[in-house]
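In what follows, a structure is listed as structure tokens, so that the remarks can point back to it.
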Amino acid sequence: MANAKKYILTGVILGSIAAVAAGLIAVTNLLTEKKIAQNELDAINKGISSIYGDSSIQSEGKVEGHEYVTYYYAVDYKKSDLEMHGYAFKCEGSNMYGKVSLIAGFDGESNFMSLYLVKNEQTYASTLVDKYVVPLNEGKREVEDVSCGATYGAKLVRDMINEAKVVASDFGVNKWVEKKEV
């Protein structure tokens, strides 16, 4: 009987600790949820600005049915005082070395322009950036050239860019986008 009371008391104490911890997590989530969403939106806007410079998002929407591409942004931008149109795609993926989220930019003719890493949790994150992403954005590396010391991360980024290129070339033809005007 004494052992039963001990086990019940232990269960009640552990249950109370778990309930308090769950309450604290819920309160923290309520306090930070909007800030986290705003930070992600700011990172996306910063990425689009870094790809297109002075630009404006004309429409955006969720992309369905693809492994990496999750969202699109139709962008108007200026290049040499000409009004241009392009598409930015938010891509998310992971491999055994971590997660990557990026914005891949394409001109109106589905030519890859540049990318911006929103999240890079790869084990060899700095190598991926220094040896693949930066040279790719500078035009000193081809998308398919993934040999860089962070090959698995580069392959993941390459696959995201290639899928986004397919989506960009099919844009407006297929019914896989749910358009939302900004």
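Since every read-out is calculated from the coordinates, none of them should be taken as a lab result. Keep in mind that this is a model prediction, so the values were computed, not measured. Backbone-built Cβ (ideal geometry, glycine too); neighbour counts: all protein chains shown.
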Item to check | Pair Asn95, Lys46: separation of 7 Å Cα→Cβ label points (nm) | outcome: 2.5
Next on the checklist: For a protection proxy built on the mean count of beta-carbon atoms within 10 angstrom, sort 128-141, 15-28, 156-169 highest first, please.
Outcome noted: 156-169, 128-141, 15-28
Checklist entry - What's the exposure ranking of Tyr72, Tyr116, going from fewest to most Cβ atoms within 10 Å? => result Tyr116, Tyr72
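Can you tell me the relative contact order of the stretch 44-181? Whole percent, Cα pairs under 8 Å, sequence separation 6 or more.
Working: 266 pairs, mean separation 33.0, N = 138.
Result for the stretch 44-181 is 24 percent.
Using a/c under 1.5 as the rounded threshold, could you call the stretch 36-89 rounded, prolate or oblate? The axes a ≥ b ≥ c are square roots of the C-alpha gyration tensor eigenvalues, and prolate needs a/b larger than b/c, oblate otherwise. Please list the in-between numbers first.
On the way: a/c = 2.54, a/b = 1.45, b/c = 1.76.
Because a/c hits 1.5 or more and a/b fails to exceed b/c, the stretch 36-89 counts as oblate.
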Item to check | Restricting the stretch 76-130 to GluC sites (Glu not before Pro) in coil, as DSSP defines it, with at most 16 other Cβ within 10 Å | outcome: Glu109, Glu121
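Listing Met84, Met96 from the residue with the fewest other Cβ atoms within 10 Å to the one with the most, what is the order? Could the numbers behind the result be given before it?
Working: Met84 14, Met96 7.
Neighbour counts put them in this order, fewest first: Met96, Met84.
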Next on the checklist: Suppose each label sits 7 Å from its Cα in the direction of the beta carbon; what would the Ala26-Glu109 distance come out to in nanometres?
Outcome noted: 5.7
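If you rank Asp145, Asp42 by fewest surrounding Cβ atoms within 10 Å, what's the result?
On the way: Asp145 13, Asp42 10.
Ranking Asp145, Asp42 by Cβ neighbours within 10 Å, fewest first, gives Asp42, Asp145.
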Checklist outcome for this item: Asserting the computed 222 nm helical MRE of the chain (DSSP H runs at least 4 long, -39500 (n - 2.57) per run, divided by residue count, to nearest 500) equals -15000 deg cm²/dmol
Checklist entry - For the pair Asp81 and Tyr7, how long in nm is the line joining their label points, each one 7 Å along Cα→Cβ? => result 8.5
Checklist entry - Given the Cα atoms of the chain, and with Rh set as the inverse mean 1/r over their pairs in the Kirkwood sense, what is Rg to Rh to two decimals? => result 1.19
Checklist entry - Relative to the longest principal Cα axis of the chain, at what angle does helix 2-52 sit, 0 to 90 degrees, rounded to 10? => result 10
